[in-house]
Amino acid sequence: MAFIWLELFGQAPPRTLGLILLVYSIVNIAGAALFGRDAWFRQAELFSVFLRLIAKISPFEYRRGQAPGERGRLRLRQPFIGLLQEPADHFSLLLFVLFMLSSTAFDGVHETRPWVLLFWKGIYPQLTRFIAQPYLFFVDIYYDWQWAMLFLSPFLYLAIYLLFVWIMKIVTGSQRSLRDLALQFAFSLIPIAFVYNVTHYYTLLVGQAPAILTMVSDPFGIGWDLFGTAHTVRAPIILLADGVWHTQVGLILFGHIVSVYTGARAGAGSVSEGKAGGVEPAADAGADGAIDDDRLEDPVAADRRRPGAGSASAAQQFR
């Protein structure tokens, strides 16, 4: 959340941003030393958590070696199968995914006319009735209000999400707790969150890409020329508006389709447990879609080969 605030409201020059990232790196090194590298980067480091969640939609999977000294393996698997391998193990992960959505939505709306008028036409007149202060005082309150809305945005999304999960629980008669069901479906939101972030930032990334050549030689803005590119000036890349629009619509539509499908698969054996009693969760199909030795592995056959496991879950997922 602090990084999003910095992007939207911080207006930090390159030197300040570079120092912030330097401090952030020091904090992560200290955290990894105190709590262990694996635990820290799995649970605490922003970009590791973000990329680990995004990696669940990847057609590739890295598995560590089982024995000490054994090399890990990069395996090809069915795209998006990682979303079904396991539910979210903590509510903080659900909130993180929801903030991936709410932050882009807030960035898109916080400078629009209706949103600005919501404060100046709706809230500001009411405040002046009770607070006798000059106009500039309320400008500061306006920015405080904007920051507060950014902070509250994932909790608003959470309330809406829990409402519909609760409705689903009532309609299906599931005996599972609201918390368990909310965590079960959390990862099905990742494709939507991913495409929203891509459509939101890719124009900025492409358009400002030439500036990277300059900044990489002088990251702190203090006159360095580490790679001889500090004085390289290139015009920003201008993308055609119709191409941007069609790309964004296509990506958003695709992300929603994938999320609806994975949500349905994740819930195939989850919400019905209250009626059938003990139905194996659909998410247990897990890594059965993995591919070894450059050939597509049949998920049902793979499930049968796994010791002590049946094929019901995989068959349910891929039939």
(request) Please give the contour-minus-distance gain from residue 51 to residue 29: 0.36 nm per residue of separation, less the Cα-Cα distance, rounded to one decimal in nm. (result) 6.1 nm
(request) Counting other beta carbons within 10 Å of each Cβ, put 92, 103 in order, fewest first. (result) 92, 103
(message) Taking R0 as 22 Å, what FRET efficiency do you get between residue 206 and residue 152 from their Cβ-Cβ distance, rounded to the nearest 0.05?
(response) 0.10
(request) Compute the projected area of the convex hull of the Cα atoms of the range 62-193, averaged over all viewing directions, and report it in nm² to one decimal place. (result) 13.9
(request) Find the all-direction average of the projected area of the Cα convex hull for the range 1-44, expressing the result in square nanometres with one decimal place. (result) 3.3
(request) Could you pull the Rg and Dmax for the range 134-205, using just the Cα atoms, both in Å? (result) 18.1, 57
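Using alpha-carbon pairs under 8 Å, 6+ residues apart, how would you state the relative contact order of the range 143-245 in percent?
17
What is the mean projected area of the alpha carbon convex hull for the range 74-135, to one decimal in square nanometres?
Orientation-averaged projected area of the Cα hull: 8.3 nm².
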(request) Just report the Cα centroid separation between the range 199-236 and the range 28-67, whole Å. (result) 29
(request) Specify which residue in the list 110, 120, 82 is farthest towards the positive end of the charge dipole of the range 47-145, using unit charges on the beta carbon of Lys, Arg (+1) and Asp, Glu (-1), about the Cα centre. (result) 82
(message) For the range 129-253, I need the span (max minus min coordinate) of the C-alpha atoms along each principal axis, in Å, sorted largest to smallest.
(response) 66, 50, 32
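Can you sort 129, 265 from fewest to most other Cβ atoms within 10 Å of each residue's own Cβ?
The most exposed by this proxy come first: 129, 265.
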(request) Quick one: order 20, 237 by neighbouring beta-carbon count within 10 Å, fewest to most. (result) 237, 20
(request) Treating only the Cβ atoms of Lys and Arg (+1) and Asp and Glu (-1) as charged, compute the dipole magnitude of the range 1-56 about its Cα centre; round to the nearest 20 debye. (result) 120
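Bear in mind that the values in this text are calculations on the coordinates, not laboratory data. All values reported here derive from a predicted model rather than from experimental measurement. FYI the Cβ positions are ideal-geometry reconstructions off the backbone, even for glycines, and counts take in every protein chain you see.
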